[in-house]
Amino acid sequence: MEEEHYFGGVEGGGTQSKMLIVNSKGEILARSYGGCTNPFVLDVKAMDGFIECAKELSKMAQEAKSQINISKLKAIGLSLSGGAQADSQARIMKAFETVDPNIAEHIYICNDTQGSIFTASPHGGMVLIAGTGSNCVYITDNEKTYSCGGWGHMIGDEGSGYWISHKAIRTALNHEEGLEDAPHSIVELRKRIFDYFDLKNFDEVLDIFYTHYRKAHIAGFTKEVSDAAETDPLCAHLLYDAGLVLGKHVRALINRAYAETKEDFETVDIVLEGSVFKSWTRLKQGFIDGVRTEHLKAARLLRLKETSALGAAFLGARHANLKLTLPHENLVEVLDTLKW
């Protein structure tokens with residue numbers, strides 16, 4: 001009888017992480033949960049963020065393995081925030097030598113976008129992230145990677161929740177001071193800024209961005225913009241602009257891929273991740289205007305129904321030259337189909 005193989009997969013984030021164990025048929029046998037596994041975030045809190053990362057991953061693996069009473073994994077895929085660079089991957093591997101050398105027979109480490117893409121499809125694809133931050137990555141079937149964005153809120157994150165909130169406040173401030181007129185009345189936006197951030201006047205904005213800076217709280221104001229966009233033209237305009245710049249991320253990658261292959265795309269699957277896409281109906285027209293390129297005729301926009309830890313497990317098995325079958329089409333739902 002052929003030996004049963006068990007594969008682990010981790011969706012690792014800067015706040016929380018998820019792990020699961022599957023068999024060769026892709027059946028989920030165990031799940032576990034953990035905290036931050038981004039070594040660079042942990043590096044701020046501990047002497048060695050890579051050791052702490054390995055400890056958290058080991059704890060999750062031990063918990064999941066205990067649920068099904070197994071002692072080893074044939075392979076594990078780690079799709080981690082902070083795991084993109086070869087140096088980071090080598091340091092995590094080195095940390096496992098000390099923390100848990102037997103976590104799995106084979107270990108594969110990649111960034112946090114690859115797990116999402118390969119959960120949706122075994123042939124690669126694209127993921128567009130717009131949460132607190134933003135990023136866009138396209139990975140081919142042979143895992144050649146193109147990326148756009150992901151530079152953080154200081155120099156990038158266009159179309160993200162933070163970017164929308166910052167742009168909303170900046171638009172209102174510029175209009176108030178006469179630096180640049182807003183395209184529509186700021187009355188509703190101004191009221192929501194003051195209510196959400198508990199301001200008495202615009203001078204107190206300095207406290208939000210400098211004295212008591214909380215990035216996630218600032219990004220959270222995007223929900224106020226989205227709610228107001230139903231009736232307020234300025235807030236609707238801000239979301240159109242967000243959709244436009246997110247669409248441009250996709251266009252940039254399609255054009256770069258075409259420049260190398262000289263092959264047009266009939267269609268592309270794009271996995272959407274992040275809370276900004278809850279406002280899809282308000283983003284849609286801007287996105288279409290931003291994504292238009294002669295090298296792409298259509299796009300299918302997908303949302304994952306399961307954790308991207310499944311895609312991580314798939315990659316772990318693939319890089320160990322082992323077969324793991326996933327029901328990819330059942331792991332996604334179609335948000336929209338666009339043609340132009």
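I'd like to check one number: the per residue accessible area of the stretch 188-340, probe 1.4 Å, reported in Å² as a whole number.
Per residue, the stretch 188-340 has an accessible area of 50 Å².
When ligands, DNA and RNA are left out and all protein chains stay put, how many square angstrom of accessible area per residue does the stretch 1-154 have with a 1.4 Å probe?
46
Which angle between 0 and 90 degrees, to the nearest 10, do you get for helix 233-261 versus the longest principal axis of the chain when only C-alpha atoms count?
Once rounded, one gets 50 degrees.
What full-extension length gain, to one decimal in nm, is calculated for Glu3 and Thr281 as 0.36 nm per residue of separation minus the Cα-Cα distance?
95.2 nm
How would you rank 89-97, 305-313, highest first, on the average number of other Cβ atoms within 10 Å across their residues?
305-313, 89-97
Going by alpha carbons, how many degrees (0 to 90, nearest 10) lie between the helix axis of 49-67 and the longest principal axis of the chain?
Helix 49-67 sits roughly 60 degrees off the main axis of the chain.
Which value, in debye to the nearest 20, describes the size of the charge dipole of the chain about its Cα centre when Lys and Arg Cβ atoms bear +1, Asp and Glu Cβ atoms bear -1, and nothing else is charged?
Using only the charged Cβ atoms, the result is roughly 460 debye.
Once a ≥ b ≥ c are taken as the square roots of the eigenvalues of the Cα gyration tensor of the stretch 29-127, is the result rounded (a/c under 1.5), prolate (a/b larger than b/c) or oblate (a/b not larger than b/c)?
Here the stretch 29-127 falls in the oblate category.
What angle do you read, to the nearest 10 degrees and between 0 and 90, between the alpha-carbon axis of helix 280-291 and the longest principal axis of the chain?
The helix 280-291 is inclined about 90 degrees to the chain.
Tell me, what is the percent relative contact order of the chain, built from C-alpha pairs under 8 Å that lie six or more residues apart?
Reported as a whole number, the value is 21 percent.
Of the labelled options (i) 1.01; (ii) 0.96; (iii) 1.07, which one gives Cα Rg over 2.2 N^0.38 Å as computed for this structure?
Computed from the coordinates, Cα Rg over 2.2 N^0.38 Å corresponds to (iii).
Assuming R0 = 41 Å, can you tell me the calculated FRET efficiency for the pair Ile70 and Asp48, based on Cβ-Cβ distance, to the nearest 0.05?
Once the sixth-power term is evaluated, E becomes 0.90.
Got a number for the accessible area of Thr261? Probe 1.4 Å, square angstrom, nearest 10.
So the heavy atoms of Thr261 present about 70 Å² to solvent.
How would you classify the stretch 210-340 from its alpha-carbon gyration tensor, with a ≥ b ≥ c the square roots of the eigenvalues: rounded for a/c under 1.5, else prolate if a/b is greater than b/c, otherwise oblate?
Judged from the Cα gyration tensor, the stretch 210-340 comes out oblate (a/c at least 1.5, b/c at or above a/b).
So which of Lys248/Lys284; Lys278/Lys305; Lys25/Lys59; Lys74/Lys94; Lys167/Lys284; Lys200/Lys278 end up more than 22 Å apart, counting from Cα to Cα?
Where the Cα-Cα span goes over 22 Å, the pairs concerned are Lys25/Lys59; Lys200/Lys278.
Taking only DSSP H segments of four or more residues, each worth -39500 (n - 2.57), what value at 222 nm results for the chain once the sum is divided by all its residues, to the nearest 500 deg cm²/dmol?
Estimated from H runs of four or more residues: -13000 deg cm²/dmol.
In nm, to one decimal, how far is the modelled label at His217 from the one at Met93, with both set 7 Å along Cα→Cβ?
4.3
Mind jotting down the distance between the C-alpha centroids of the stretch 298-339 and the stretch 122-146, whole Å?
Using only Cα atoms to place each centre, the spacing works out to 12 Å.
If R0 is 45 Å, what FRET efficiency do you get for Ala259 and Glu230 from their C-beta distance, rounded to 0.05?
Efficiency at R0 = 45 Å is approximately 0.65.
By its C-alpha gyration tensor, with a ≥ b ≥ c as the square roots of the eigenvalues, how is the stretch 224-278 shaped: rounded for a/c under 1.5, else prolate for a/b larger than b/c, else oblate?
Prolate, since a/c reaches 1.5 and a/b exceeds b/c.
Leaving out ligands, DNA and RNA, and with a 1.4 Å probe, what % of the accessible surface on the chain is carbon or sulfur?
Carbon and sulfur together cover 49 percent of it.
The values are calculated or read from the model by the stated rules, or taken from the named source; none is laboratory data. From a predicted model like this one, the values you see are computed outputs, not experimental measurements. With ideal geometry, Cβ positions are generated from the backbone for all residues, glycine too; neighbour counts draw on all protein chains shown. Surface areas here come from the heavy atoms of the whole protein model, side chains and all, with no ligands, DNA or RNA. Shrake-Rupley method; radii C 1.70, N 1.55, O 1.52, S 1.80 Å.
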